[in-house]
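Working notes, structure below.
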Amino acid sequence: MERFDVVVVGAGLAGTAAAYTAAKAGAQVLLVERGTAAGTKNVSGGLLYTHVLGQMFPRFWEEEPCPVERAIDRNVLTFLTPSQATSIEHFDPSFSQPPYNSWSVLRSRLDSWLAAKAEGAGALPIYGVRVDELVRENGRVVGIRQEGDEIRADVVIEAEGVNSTTSQAAGLVPEAKGRCVGIGVKQVIGLPPGEVERRFQLRGVAGTQYTTVGLPSGVVGGGFVYTNRDSLSIGLILQLESVAITKTPMFEVLETFKQHPFVERLIQGGTLLEYSGCYIGEGGERARPAPSGDGYLIAGSAAGLFLNTGFTLRGMDFALESGRLAGEIAAAAVKQKNPSAGFLSRYPAALAQSFVLRELQRFPRYPEFFEHSRGLYRAYPKILNHLLHQAYSVDTSGGRPRLPQMVHGALRDPELHPFEALQDLWRAMRTL
């Protein structure tokens, strides 16, 4: 039987941040990952907002190997119908200057870099190991078990992600179901050197991201395209319930998205480098488990720390901050020789004081808004594109309508009652 001060389960951003922080504070840390390396099983469907990473590692973008891809200074929100697209674009060159606002990332690079930082601080990573269960004594978590072997610890930090099998089996986290879960599917498309800069008119480290609303397949969800150094990350975030109802395979939805005339031009001539998928916790405040207990802490998406405001997807910075806080509290519990539930309750208290819970509590209704707005993914993209199609079309009939007539005609969509549109507007104002 081996023993460590702290065992961290999962080498994603939350787990590696926890391992790094606890090891740096002097704890003996074991980092356990079921993948063959850090980042091999992790998928990013959003940008990394880098304020936390910058606090942990100032000027991280200058390191070799560089853990990030492009600093996003051009954000484009695009509404799709099966054949049209209407975009709202925001460009801010200050976003691509230090200390930077957000970066596109490839998780295999970022997570491996952060795991190396944890190892350099003294943590011991082991890969290709699936934890079978948590070990309990008198109700307290005292370690992990794998194929009959036990590893004991004062504190276990669970950071396995949304599908956290060991913490679910131990009753620490409820099984994610129905509308509390989304599905992310992503591909990395390689382009020839210099083509990303040419195609997206980029300079230096600057990058572009597209967020799309409305899918040609009819499945509820949205898409994204991010520029990397020499590749594009393209993918979807789909509502699990909608996928089940329509019985549409995820790969089919993604291929239909890629064949849309707007998207196809962005990825044309590219080479498929990577394909991956993951669950995404979308339950908000209603689905968050208790993040601490006797002998354990829960960090990252395993703790339900994810926020979608429609403009930003906040998961990775939440994971880093919660992991950092979990590592600090775990190391303090080891020094005090007090891994009790009472001492470890300092972790949820620290989360409550951090931006993580403050942000989640500012937007408590966001899951309900995306669940109940029927028009968001179909009717509104259709209305907006129809309106602008009329506005830009010219013919010789002399019957071109004036703007009020265009708006009135566009709003007469059989899929959406005007009263429903007003309800959605009110909900959006209250929620987001």
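Here are some notes:
- Residue separation of Q268 and E255 scaled by 0.36 nm, minus their Cα-Cα distance, works out to 3.4 nm of gained length.
- Peptide packing: for 6-18, 219-231, the average count of neighbouring Cβ atoms within 10 Å per residue gives the ranking 6-18, 219-231, highest mean first.
- Mean-square fluctuations from a GNM of the chain, with a 10 angstrom spring cutoff on Cα atoms, peak among E195, E69, E33 at E195.
- GNM flexibility winner over the chain from H260, H389, H51 (Cα, springs under 10 Å): H389
- Since only S345, P261, T86 are under comparison, the one whose Cα sits farthest along the positive direction of the charge dipole of the chain, derived from C-beta charges on Lys, Arg, Asp and Glu, is T86.
- Average Cα contact separation per residue, region 91-168, under 8 Å, 6 or more apart, as relative contact order %: 17 percent
- Computed about the Cα centre, the dipole magnitude for the chain is approximately 840 debye when only Lys and Arg (+1) and Asp and Glu (-1) carry charge, each at its Cβ.
- Per-residue ellipticity at 222 nm, computed for the chain from helices alone with -39500 (n - 2.57) per DSSP H run of at least four residues, works out to -10000 deg cm²/dmol.
- For region 63-212, taking the reciprocal of the average inverse distance between every pair of different Cα atoms yields a Kirkwood hydrodynamic radius of 19.8 Å.
- Whole-number percent relative contact order across region 13-155, with pairs defined as alpha carbons under 8 Å at least 6 apart: 33 percent
- Per residue accessible area of region 140-260, 1.4 Å probe, in Å²: 38 Å²
- Full extension of the chain between V76 and Q55 gives 4.8 nm of extra length, using 0.36 nm per residue less the Cα-Cα distance.
- Rounded if a/c under 1.5, otherwise prolate or oblate - region 1-59, Cα gyration tensor axes: oblate
- Packing rank of 343-355, 89-101, where each peptide gets the mean count of other beta carbons within 10 Å, highest leading: 343-355, 89-101
- The simple Förster model, with R0 at 45 Å and r as the Cβ-Cβ distance, assigns T396 and F91 a FRET efficiency of 0.75.
- Apportionment of accessible area to carbon and sulfur, the chain, percent (1.4 Å): 53 percent
- Largest first, the three principal axis extents of the alpha carbons in region 172-318 are 54, 38, 25 Å in whole numbers.
- Debye log10 I(q)/I(0) at q = 0.12, 0.14 Å⁻¹ for the chain, Cα point scatterers: -1.00, -1.28
- Shape analysis of region 14-135 places it in the oblate category; the axes a ≥ b ≥ c from the Cα gyration tensor give an a/c of at least 1.5, with a/b not above b/c.
- Distances between placed amide hydrogens fall under 5 Å for R288 paired with no residue 5 or more residues away or on another chain.
- Rounded if a/c under 1.5, otherwise prolate or oblate - region 276-366, Cα gyration tensor axes: prolate
- Computed over the chain: relative contact order in percent, which uses C-alpha pairs under 8 Å that are six or more apart: 21 percent
The values are calculated or read from the model by the stated rules, or taken from the named source; none is laboratory data. Being a predicted model, the structure only gives us computed values, none of them experimental. Backbone-built Cβ (ideal geometry, glycine too); neighbour counts: all protein chains shown. Side chains are part of the model used for accessible areas, which takes the heavy atoms of the whole protein and leaves out ligands, DNA and RNA. Shrake-Rupley method; radii C 1.70, N 1.55, O 1.52, S 1.80 Å.
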